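A.B. asks: Next up is a structure, given as structure tokens.
The values are calculated or read from the model by the stated rules, or taken from the named source; none is laboratory data. Worth saying up front: this structure is predicted, and the values here are computed from it rather than measured. Positions of Cβ are generated from backbone atoms using ideal geometry, with glycine treated the same way; all protein chains shown enter the neighbour counts. The accessibility values were calculated without ligands, DNA or RNA, using every heavy atom of the protein model including side chains. Shrake-Rupley method; radii C 1.70, N 1.55, O 1.52, S 1.80 Å.
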Amino acid sequence: MRLDLLVAARMLARRPGYAVSVILTLAIGIGASTLMFALLDVATLRSLPFKDPDGLVALLGVSGPQRDVRGGSFPEIHDWARMTRTLDDVAIYDEASLNLRVGDEALRVEAEMVSPAYFRLLGVTAALGRTFLPAEDRTPDAKPVVLISDRLWRGRLGGDPAVLQRHVFLNDRQFAIVGVMPDGFSGISFDSDIWFPSMMVSLTSTAATVQNRGNRWLTALGRLKPDTSLEQAQQDLTRVAAILEREHPDFQRERGVQVTGLQAWMLGATGPLLSALFGSVLLFLLIACANVASLQLARTISRGRELAVRIALGASQWHAIRSVLAETVLLSSIAGAAGALLAAWGLAGVAALMPTDSLPTYVRLTLDVRALLFAAAASVLSGALVAILPAVKSRQRDVNSAIKDGARTIEGGIGTLRRPAPQQLLVIGQIALAMTLLAGAALLVRSLERQLAVDLGFDPRGVTVARLTLPATAYPPAERSLFVDRLVQALRAAPQVAEASVSSDLPLTGTAAASILTTDAGDDRRIRYYRHFVAPGYFQTLGVALIHGRDFARTDAAQAPLVAMINSAGARRLWGSPEAAVGRRIHMGPGITVEIIGVVADARYRDLTTNITAGTAEPDVFFPFAQRTDRDIEIAVRSSASAPITIGALQQVVSTLDSGLPVYAVQPLTGAVAQQTATARFFSVLLSSFSLGALLLSALGLYGLISYVVGSSRRDIAVRLALGAATGRVLLLIVRNGMALVGIGVIAGLIGGIAAGRLLEAQLFQTASSDPVVLGSVASLLLVITCLATAIPARRASRIDPHTVLRGE
């Protein structure tokens with residue numbers, strides 16, 4: 001075989017254009033598929049770095065007929081743990097961001113609020129000290145203890161060996177350090193430095209939350225019992241939810257539990273997208289292989305006489321075939337190495353361009369041994385796929401006919417383009433696969449266009465947002481209101497600030513909270529709504545229109561009558577129209593009645609895809625910050641200049657009021673809006689790139705086939721022209737026969753496009769999986785491109801000089 005490889009190398013060196021085109025085609029296919037495998041591998045195929053990760057599940061509270069994810073409450077999760085028959089352990093889990101003070105230094109740290117079972121579930125113990133004891137998680141606010149990461153211990157605490165005798169201040173509350181976690185452990189959020197018991201929830205909420213069955217936002221973690229499937233656990237927790245609904249009808253109505261594998265929960269919607277992209281890139285690789293196989297087949301046919309002479313001189317059939325296989329092995333090996341290099345470069349680009357939060361933080365994009373082994377396997381399989389048809393064709397070749405016909409031997413001709421010969425079938429397959437990829441990409445792009453065209457209900461341009469957390473001990477409710485008043489005034493007085501305000505949450509920043517209200521309509525409807533505590537000037541700062549009534553004023557203070565504002569869709573749902581809402585009342589709980597004083601335009605607070613104007617849409621209700629305060633506040637500042645206000649300027653304003661308060665999560669509001677579609681945009685670009693590449697390869701494959709047929713049919717064409725056939729008729733014949741292949745491929749591709757749409761259905765917004773406009777547009781594009789690919793060699797054929805060709809014969 002070594003000699004065959006040397007001979008193949010010499011022959012390919014004589015035709016460098018052919019060799020380079022084959023290597024580049026295969027390298028691009030192998031590189032793209034290796035890149036996507038590396039992404040899929042680190043995100044979904046590798047196990048999480050915890051004990052028996054396949055047995056770990058996330059338990060999510062769901063609500064309503066649509067089973068929308070709402071989170072769980074403390075009492076709910078305790079009931080799940082007590083009543084389940086399929087889970088060994090259940091733990092409370094929630095992410096938090098805290099102010100950490102060590103000595104005189106204050107900083108913002110990521111934390112996890114957990115119950116003691118959390119560490120048993122993950123199979124991790126403290127490297128120093130211990131994890132939480134059950135007694136430390138029984139009574140609210142009783143045990144202020146904390147665990148810290150190895151990174152925090154060595155970095156901020158200098159690796160102090162006496163760290164277990166030290167204290168830290170979290171949100172200005174003193175906590176005793178009871179343990180240091182192992183090096184590299186940062187929780188299931190993969191970025192945490194602090195862990196505190198769930199009974200210390202008052203760090204981020206109120207201690208009364210632990211008794212409130214209706215206050216739901218928590219996630220629970222569980223571990224499946226041995227020999228228990230995810231489906232069995234789901235059935236078990238559905239049973240538990242039904243029991244809780246009977247026992248607590250006021251709080252558990254239409255409530256359920258969704259059991260999801262921990263890794264699938266972490267990936268969310270990105271997991272299916274990655275799988276779909278990997279499938280698409282494998283189709284792209286198949287198209288590349290088909291293209292190269294077509295080239296190889298044409299080359300093998302053109303070498304028919306040479307191979308026949310070898311066999312006639314005594315070489316075996318296998319020896320002749322080996323020379324064909326040697327070329328393929330050599331080309332695919334070089335392409336595999338080049339593809340691995342392209343994948344490495346591509347991964348660096350993907351890592352730089354990938355939006356924040358599109359993949360879990362545990363994903364590290366690197367081209368490791370597993371990815372290189374995949375590239376090698378892809379190279380071998382590509383070589384095998386490319387070699388099959390030429391090898392079979394060589395075996396089927398009749399030696400006597402090949403020698404006798406010599407250079408005049410042709411495979412078919414212009415009249416046989418529509419026959420199911422191997423090259424024709426390859427082109428049809430390429431067209432069908434390209435159509436499938438293009439349809440999937442076009443559906444994602446159309447869905448993205450519709451998301452980007454959604455009316456936000458506010459103007460994010462020129463607005464900078466940031467967050468603050470007010471410590472509970474230093475800022476009781478009355479002090480929070482005073483601080484917010486001073487902060488707003490200070491921000492408005494800052495240079496380049498046109499308007500500023502404060503809220504408990506801002507649009508699309510992921511911090512909206514929900515609760516339950518009833519109305520004065522005289523019925524028993526319990527309406528779930530989203531609550532927002534806002535300072536005066538909030539709606540002007542964001543550009544949200546006031547439709548009816550009045551805005552909040554400074555007179556809506558803590559001692560004034562309780563008032564609220566509601567969005568337009570919420571007013572229509574509760575009272576029939578926005579006009580009817582002003583002056584009506586809502587009830588927030590026993591003895592708490594609030595008057596609606598204004599109605600504002602509908603604005604998107606949570607995402608870009610929920611129908612916020614539907615008759616069943618959950619209202620957005622706004623309260624004056626002075627009457628319902630919060631410790632976690634968000635700042636919105638509209639700049640009067642072209643440049644947004646900087647984090648330094650914001651921190652300087654805050655520091656003049658309280659030097660111990662760090663400003664964090666600073667970003668332009670346009671960035672928060674863009675983040676909503678960042679993942680969709682990124683994956684749309686990737687899939688569109690693969691699809692356009694597939695279209696190009698398919699067009700080149702068709703061009704190559706028509707060029708080959710024209711080249712091998714020069715005598716046939718010359719005879720037709722010599723006998724009086726019109727040039728246009730010959731041109732039409734070639735184009736018509738070529739487009740017949742395209743038509744078959746497009747029809748098959750339409751079926752594939754519909755199937756691709758169904759696979760992507762969960763990712764589509766206001767776009768049908770079989771959207772006729774999308775499929776029609778893609779088919780038209782494909783027909784135009786392939787028609788050009790057919791017309792170019794056909795036009796060249798129509799200019800053949802019959803006298804020159806026939807004289808040569």
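A.B. asks: Quick check, is residue 534 in contact with a Leu (Cβ under 6 Å, 6 or more places away or on another chain), open to solvent by less than 60 Å² (accessible area, probe 1.4 Å) and touching a residue at least 24 places away in the same chain (Cβ under 8 Å)?
C.D. replies: The answer is no for residue 534.
A.B. asks: So which residues in the stretch 264-285 are open to solvent by 40 Å² or more (accessible area, probe 1.4 Å) and part of a helix (DSSP H, G or I)?
C.D. replies: Once the filter is applied, which keeps residues that are open to solvent by 40 Å² or more (accessible area, probe 1.4 Å) and part of a helix (DSSP H, G or I), the stretch 264-285 yields 264, 265, 272, 275, 282, 283.
A.B. asks: Somewhere in the stretch 658-667, is a residue polar (S, T, N, Q) and in contact (Cβ under 8 Å) with a residue 60 or more places away in the chain?
C.D. replies: yes
A.B. asks: So residue 567 fits all but one of (1) exposed (fewer than 14 other Cβ atoms within 10 Å of the Cβ); (2) of a type in the set (S, T, N, Q); (3) touching a strand residue (DSSP E or B) at 6+ places or on another chain (Cβ under 6 Å); what number is the exception?
C.D. replies: (1)
A.B. asks: Identify, please: which residue in the stretch 248-277 is of a type in the set (S, T, N, Q) and out of contact with any strand residue (DSSP E or B) (no Cβ under 6 Å at 6 or more places or on another chain) and is, among those, farthest from residue 191 (Cα to Cα)?
C.D. replies: It comes out as 252.
A.B. asks: Can you work out which of the residues in the stretch 580-608 that are open to solvent by 40 Å² or more (accessible area, probe 1.4 Å) and of a type outside the set (D, E, K, R) is modelled with the highest pLDDT?
C.D. replies: Restricting to residues being open to solvent by 40 Å² or more (accessible area, probe 1.4 Å) and of a type outside the set (D, E, K, R), the top hit is 582.
A.B. asks: Kindly indicate whether residue 368 is acidic (Asp, Glu), modelled with pLDDT under 85, open to solvent by 20 Å² or more (accessible area, probe 1.4 Å) and within 25 Å of the chain's Cα centre (by Cα).
C.D. replies: no
A.B. asks: Let me ask something else. Looking at 316, 333, which is the one that is out of contact with any Phe, Trp or Tyr (no Cβ under 6 Å at 6 or more places or on another chain), at pLDDT 80 or above and among the hydroxyl-bearing types (Ser, Thr, Tyr)?
C.D. replies: Criteria check complete, one pass: 333.
A.B. asks: Now a separate question. Which of (1) surrounded by fewer than 22 Cβ atoms within 10 Å (Cβ to Cβ); (2) closer than 30 Å to residue 445 by Cα; (3) small (Gly, Ala, Ser) is the odd one out, the single condition residue 208 does not satisfy?
C.D. replies: Looking at each condition in turn, residue 208 falls short on (2).
A.B. asks: Can you find a residue that is of a type in the set (Gly, Ala, Ser), part of a helix (DSSP H, G or I) and either open to solvent by 40 Å² or more (accessible area, probe 1.4 Å) or modelled with pLDDT of 80 or more (or both) anywhere in the stretch 384-398?
C.D. replies: Yes, that holds for at least one residue.
A.B. asks: Would you pick out the residues in the stretch 163-172 that are surrounded by fewer than 19 Cβ atoms within 10 Å (Cβ to Cβ) and either of a type in the set (Asp, Glu) or assigned to a strand (DSSP E or B) (or both)?
C.D. replies: 167, 169, 172
A.B. asks: Based on this model, can you work out whether residue 671 counts as closer than 30 Å to residue 171 by Cβ, at pLDDT 85 or above, within 32 Å of the chain's Cα centre (by Cα) and in a helix (DSSP H, G or I)?
C.D. replies: In short, yes.
A.B. asks: Being out of contact with any Cys (no Cβ under 9 Å at 6 or more places or on another chain), outside any strand (DSSP E or B), at pLDDT 90 or above and more than 29 Å from residue 216 (Cβ to Cβ) narrows it down to one of 505, 551, so name that one.
C.D. replies: Exactly one residue qualifies, and that residue is 551.
A.B. asks: Report, ordered by the first and then the second residue, all pairs with beta carbons closer than 8 Å, sequence separation of six or more or different chains, a first member in the stretch 748-769 that is farther than 14 Å from residue 272 by Cβ and of a type in the set (Phe, Trp, Tyr), and a second member that is in a loop (DSSP other than H, G, I, E, B) and open to solvent by 50 Å² or more (accessible area, probe 1.4 Å).
C.D. replies: Hits for this filter: 765/609.
A.B. asks: Taking the stretch 343-364 as the region of interest, how many residues are among the β-branched types (Val, Ile, Thr) and under 12 Å from residue 38 (Cα atoms)?
C.D. replies: Adding up the residues that qualify gives 2.
A.B. asks: Something else now. Scan the stretch 157-172 and give yes if some residue there is within 30 Å of residue 262 (Cα to Cα), small (Gly, Ala, Ser) and over 35 Å from the mean Cα position of the chain (by Cα), otherwise no.
C.D. replies: No.
A.B. asks: If we keep just the residues of the stretch 211-229 that are of a type in the set (Lys, Arg) and within 13 Å of residue 88 (Cα to Cα), which is surrounded by the most Cβ atoms within 10 Å (Cβ to Cβ)?
C.D. replies: 223
A.B. asks: Here's another thing I want to ask about it. Against the definition (open to solvent by less than 30 Å² (accessible area, probe 1.4 Å), part of a loop (DSSP other than H, G, I, E, B) and modelled with pLDDT of 90 or more), how does residue 483 come out, yes or no?
C.D. replies: no
A.B. asks: Hey, could you check the stretch 231-250 for residues that are aliphatic (A, V, I, L, M) and touching a residue at least 60 places away in the same chain (Cβ under 8 Å) and say which is most open to solvent (accessible area, probe 1.4 Å)?
C.D. replies: 243
A.B. asks: Within the stretch 457-480, track down each residue that is of a type in the set (A, V, I, L, M, F, W, C) and either free of Cβ contacts under 8 Å to residues at least 60 places away in the same chain or open to solvent by less than 30 Å² (accessible area, probe 1.4 Å) (or both).
C.D. replies: Those that are of a type in the set (A, V, I, L, M, F, W, C) and either free of Cβ contacts under 8 Å to residues at least 60 places away in the same chain or open to solvent by less than 30 Å² (accessible area, probe 1.4 Å) (or both): 458, 463, 465, 466, 468, 470.
A.B. asks: Okay, next question. Condition test on residue 767, is it surrounded by 20 or more Cβ atoms within 10 Å (Cβ to Cβ), modelled with pLDDT of 80 or more and in a loop (DSSP other than H, G, I, E, B)?
C.D. replies: yes
A.B. asks: Hey, does the stretch 174-183 have a residue that's over 25 Å from residue 510 (Cβ atoms), surrounded by fewer than 20 Cβ atoms within 10 Å (Cβ to Cβ) and within 36 Å of the chain's Cα centre (by Cα)?
C.D. replies: Yes; the residues of the stretch 174-183 include at least one that is over 25 Å from residue 510 (Cβ atoms), surrounded by fewer than 20 Cβ atoms within 10 Å (Cβ to Cβ) and within 36 Å of the chain's Cα centre (by Cα).
A.B. asks: Any residue at all in the stretch 186-200 that's assigned to a helix (DSSP H, G or I), out of contact with any helix residue (DSSP H, G or I) (no Cβ under 9 Å at 6 or more places or on another chain) and among the aliphatic types (A, V, I, L, M)?
C.D. replies: Within the stretch 186-200, none of the residues are assigned to a helix (DSSP H, G or I), out of contact with any helix residue (DSSP H, G or I) (no Cβ under 9 Å at 6 or more places or on another chain) and among the aliphatic types (A, V, I, L, M).
A.B. asks: How many residues does the stretch 146-162 contain that are open to solvent by less than 10 Å² (accessible area, probe 1.4 Å), farther than 16 Å from residue 101 by Cβ and outside any loop (DSSP other than H, G, I, E, B)?
C.D. replies: 1
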